[in-house]
1. Running Debye on region 3-280 with equal point scatterers at the Cα sites and no solvent, what base-10 log of I(q)/I(0) appears at q = 0.09, 0.12, 0.16 Å⁻¹?
2. Just need log10 I(q)/I(0) for the chain at q = 0.05, 0.09, 0.10, 0.11 Å⁻¹, Debye formula, equal scatterers on the alpha-carbon atoms, no solvent, rounded to two decimals.
3. Taking region 212-253 as the region of interest, what is the percent of Cα-Cα pairs per 10 angstrom bin, listed from the shortest bin to the one with the maximum distance?
4. If you average the alpha carbon positions of region 14-36 and of region 344-370, how far apart do those two centres end up, in angstrom?
5. Expressed as an acute angle from 0 to 90° and rounded to the nearest 10, what is the orientation of the C-alpha long axis of helix 296-308 relative to the principal long axis of the chain?
6. If each residue's Cβ is checked for other Cβ atoms within 10 Å, how do 363, 264 rank with the fewest at the top?
7. Between helix 320-335 and the chain, what is the angle of the helix's C-alpha long axis to the longest principal axis, kept within 0 to 90° and rounded to the nearest 10?
8. Only bridges whose two residues both fall in the chain count here: according to DSSP, what percent of them are antiparallel, nearest 5?
Ligand code: CS2
């Protein structure tokens, strides 16, 4: 048995370690969602700048599971960031997590932390489905299980919005400065969305609380980017090989990283710009570019690749038809964008292709295919609607949607069932169970999923028939015919 990672001092010289004294750290950030993406992104930017100000250590909180929390705490918050490219893998130990916490066994403990004036930022990487956003209205989904439970019992929350509102209510009652909620999820206007949901929730609890939040709490939006596959046994084995110690919280990622942040904070922030973050007054152009070009192409490749039998995104790049479809899609997505300051969209697209091609990154198509109902609107449906309104080509969007529909049938190319990982999986299965298994019935059934497809798309007969035709190809051959 090798020893467990617990102290950076014991590591070989080849491993980069924190450039500050960890025993000097205090906690200034409470982070909800300690998954791999957070550990590859916000925790790393913070690790880069803790030497300048040691008050920004992070307490990482899981609202659901305890696995990551236990592994991090057993390692004093330390873990390896493995950066992979074709030249090899490097290991760096990240020290910014001071402590990890699981909310479920001790909700009152988390509420107390949210009311602690030392906590000045509450950041989030909780995935799209955790917000309780109703895509039909852009507002609060009262039927979302966490929202419904937390509105019924606002002082004992279990979901993201419930905790934020309860935490802000406690700060106000104590006469404290609010913390800044900082969304780092792949939603357009993520800060604005979080603000709207928080205000709508607060309104139902106490109208004067809503007013106070509206007046005093900034909700900066951010654009976050780093391709981070879920960790596997290979990640842990490589961490051990490179460091000589066991690390059950190791993660692996690509060299590229980007963070664009709106610079509105209630009570300060780490000097993230010194780690390469770009501080702006309005992030929306960057967000749209990234969601439509990177994530849109990712979803297209995930669905079509998974169906064609490609396990990883890098494999889809070896499939000439899929690679050129992704390039065409990025061009079409770029035509829906306004100019983005300082960025050449053509070069951005070729850089994305190179990142997808990275042979050292094993990013599962099945992982990206997850939660399609939460991802399609901002990645594919909104830009498709805009493209059609401008009289432009929306064909690749139709093909991507057909890919999602083929995936939603839950049967792989050999007819073997797989789990449809989507919060609306039961509804989808129900809609499809009654229908014939042809492209017309399947597409009609899925177009009728409440709230998902904008009317401007479903009423466009040319576009829906292109979806149906592509779906027919996929049902027959698991590929789009040329
Ligand atoms: C991916 C993203 O899983 C997915 O849906 O498209 O996680 C993507 O890898 C990141 O947004 C890249 O920054």
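Here, each number is a calculation from the coordinates, and none is a lab measurement. Since this is a predicted model, take the numbers as computed values, not measurements. Every residue, glycine as well, gets a Cβ built from its backbone with ideal geometry; the counts of neighbours run over all protein chains shown.
1. Computed log10 I(q)/I(0) values: -0.40, -0.71, -1.23.
2. Calculated log10 I(q)/I(0) at the listed q: -0.19, -0.62, -0.78, -0.94.
3. Calculated P(r), rounded to whole percents: 25, 27, 16, 18, 13, 1.
4. 28
5. Roughly 60 degrees, rounded to the nearest 10.
6. Listed from fewest to most nearby Cβ atoms, that is 264, 363.
7. That works out to roughly 70 degrees.
8. Rounded to the nearest five, the antiparallel share is 35 percent.
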